[in-house]
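Please read the structure below before turning to the comments.
Since every read-out is calculated from the coordinates, none of them should be taken as a lab result. The model shown is predicted, which means the values in this text are computed figures rather than measured ones. Virtual Cβ from ideal backbone geometry, glycine too; neighbours counted across all protein chains shown.
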Amino acid sequence: MASLIGLRKLNGFLRPQTLRQCVSLSTGNAVFGKEPVMKDKKYALLSPEDMEHLDKIKSTITTTDPMDVSLISGVPEEHVKERRVRIFASSKNAMQSGTDNVGIWSMEFETRERWENPLMGWSSSGDPLSNMKLEFISTEAAIDFCEKNGWSWYVEKEKPINARGKSYAVNFAWNKRSRVSTK
């Protein structure tokens, strides 16, 4: 029992640890590594072919073809053909969040097939992709997503922002015409 304390699990089998890692030295078998290899109960009755099959299942599958998910996406083909996806940098929020969420890239489809609903006056659409807006960390992630779904795309360049230095003290300066006399 004491020699089982120093065992660890490797590849489905239990093997003894080295002398330095051994917790108990009460038996000579654990010290010299003569302990028999004990199989885990999950793998004890499996044949070598079954073990090989399990190893193949656990390994990753690699393909050379690019991934195309458009066949299983569920979107009708007429909504995806001849449409382009616009990838653009989201604008800065005008509220008090400052520069939070800046640098996020969005993706949206071009607008088509809209009409005004006669009952309520709401705008309606038969296009399932018209209101879809996805956000990505980078343009590369958005482009990869479009290519994976088989969509044609274009990237809208970021517009440079001309940042002007502002000072709160300018609002109260006496040498500017912003101060108006009340008398």
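Here are the numbers for the structure shown:
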item: Highest to lowest packing among 118-124, 87-93, scored as the average C-beta count within 10 Å; result: 87-93, 118-124
item: Burial ordering of Asp127, Asp65, Asp100, fewest other beta-carbon atoms within 10 Å first; result: Asp65, Asp100, Asp127
item: Integer Hz, Karplus 6.51/-1.76/1.60 couplings in order for the range 46-60, x for Gly and Pro; result: 7, 7, x, 5, 5, 5, 5, 5, 5, 5, 5, 5, 6, 6, 7
item: The range 116-165 shape via C-alpha gyration tensor axes, a/c threshold 1.5; result: oblate
item: Highest-first arrangement of 163-172, 103-112, 71-80, where packing means the average Cβ count within 10 Å; result: 103-112, 71-80, 163-172
